[in-house]
1. Under the Karplus relation 6.51 cos²θ - 1.76 cosθ + 1.60, θ = phi - 60°, what is the ordered set of whole-Hz ³J(HN,Hα) values for the range 243-251, x standing for Gly and Pro?
2. Taking the alpha-carbon distance from Lys148 and a cut-off under 23 Å, which lysines remain once sequence neighbours fewer than 8 residues away in the same chain are dropped?
3. Please rank Val359, Val493, fewest neighbouring Cβ atoms within 10 Å first, as an exposure proxy.
4. Give the peptides 298-311, 500-513, 201-214 in descending order of average Cβ contacts within 10 Å, highest first.
5. Assuming a ≥ b ≥ c are the square roots of the Cα gyration tensor eigenvalues, decide whether the range 213-317 counts as rounded (a/c under 1.5), prolate (otherwise, with a/b larger than b/c) or oblate.
6. Whose amide H sits under 5 Å from the amide H of Cys453, counting only residues 5 or more places off or on another chain, with H placed in the peptide plane?
7. Here is the link list: Lys224/Lys393; Lys341/Lys393; Lys393/Lys424. Which ones come out longer than 22 Å on Cα distance?
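Just so you know, all these numbers are worked out from the coordinates, no wet-lab data involved. Worth saying up front: this structure is predicted, and the values here are computed from it rather than measured. FYI the Cβ positions are ideal-geometry reconstructions off the backbone, even for glycines, and counts take in every protein chain you see.
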Amino acid sequence: MVHTGKPSGGCAVCRRRKIKCDEKSPECSYCIKTKQKCPGYENKFDLAWRDQTTVARKHVEQRIRATQRARPPECSFEQILSPEMRMRMRSGSHSSNSSNSSPVPTPRSLDDHEEFALNFFFSVYGPPSTNPLDTREHLEFLAPLYSKTQPYSTLSLSTKALASCLYIAWKSQRPDAPLSTSPYLRAVSAMKQQLTQADACANDEILLSVLLLQQYETLVDTAKRKPPSRAHLDGALALIKYRGLHTFTNEVSQGLLFCVRAQLIDEALRNSQPLEDSLDISGKVANATNLSPDLQLDNINASVTFFNASVIRTLQSDETNPDSPESEIRKLLYEAWVIEKLLADWHANLPASWRPIKVSGEDCISASIQQAGLYQPHCHIYPSLPVSNTWNKYRVAQIRIHFGMLNLLSRFPSLSTTANEISKCRTCIQQEADDICACIPYHIGDRTKPGVCGDKRVKYPHPPGEPTPVSHYLHATAIGGYNLFTPLTALTVMALPLREGQREWIQGQIMRVFRIYNIVRG
């Protein structure tokens, strides 16, 4: 029986005949015995980094057969979309704007998994936006680049991998199921091949491909309740360094650069570490003009990462050395005041279109929403989910700054101003936490279990006399809950002085999001 686990180091003749090769040099014994020329042996490094597509496909096919025998019947494609979405996909339309052509053809059959996954992906996650406030980070640049790429390019395969991952997840399967893993492995193989060509590493397509694969890994890690991996994010940094910041001159390349930087900032905040910016992407951003509010906030959050890490380092050293210099703590308090002023200016200068609307009462908030999760008698409505996400980044930044100040001020209990400053910090933390809780109904409505994309039976809060926008039914079911993970988790991992019972309520809402997206318990 042939063992397929370890790569064979034998010559091609022995491997083809599936016999053991003694790997003698310069020719193996079998080739000498059969009087044929021995083709030699592959390099050990090439063996270690061989293309595993063939082996992986065999394992995938075996798992598919085993899974199909063991699992209960899965929901069909028809069951994961609302009637409106099914009609849109059958007609080949992916946007309310008929002038926007889709880069993905209408599928020929439901059996064509990858083609259908692509159609689903571009219909739900990547349609051209008609709302200037409805940005989609790196996915915003995918459709125009995808329409120009070759069928088996790295970008095409990376898109198929992410599309399959999301499609599988909506069919109530693990996002790393075999049908999703296979295109992912092909995408990684294609990327490795492209990275061997120096002239193919300095373009927007390869950088976007890396971000798509990073998103794939993040989705899989989220489903497994694991910390997100940053392997592909490191790869993106390497590509940027190789390419050089001076080449990021057009709207697409700069947009991708800012997406990488935003992910680096988010990770630094999540891990309480200073931002690693050896490439000085921050300098590139600082020189850009007409920055949107979300990019302006990223600039401030970069400073928050350094402050946050410094506070933790100072407090840890203070535990081992109670006589640590008071000047260091006062310096950090001054830094906090500077960042607090920047956040206040950001808030004051927001355009009116970015302001949330506060609503209350059953005319705006249905009883089903109140039962599913309404922390206070009111909630907030935003012009788009990305705007809500930016507001939550602002709130978490305020909480981190004031929580750091709270810990620093506790080192000066004798000062007459300390009690007043501590009270201000507690008030700010509580207010921002309440506002994060107030966005939950806008993101997930009254949902408490898995549903279908674009389901208009879901109830969302709305302004008096105004209906919920049609686009919100689609975007909220697709990504609304995922966008809550970061701010809600931040409220639970920090030892914040929250109102009694609020932490438990937030943890209950996190579990609710897990149920909505079929995320397994850790």
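1. Couplings: 6, x, 4, 5, 8, 8, 10, 8, 5 Hz.
2. Excluding near neighbours in sequence, the set is Lys160, Lys192.
3. The fewest-first ordering by Cβ neighbours comes to Val493, Val359.
4. Highest to lowest by the protection proxy: 201-214, 298-311, 500-513.
5. Verdict is oblate for the range 213-317.
6. Leu81, Ser82
7. Beyond 22 Å: Lys224/Lys393.
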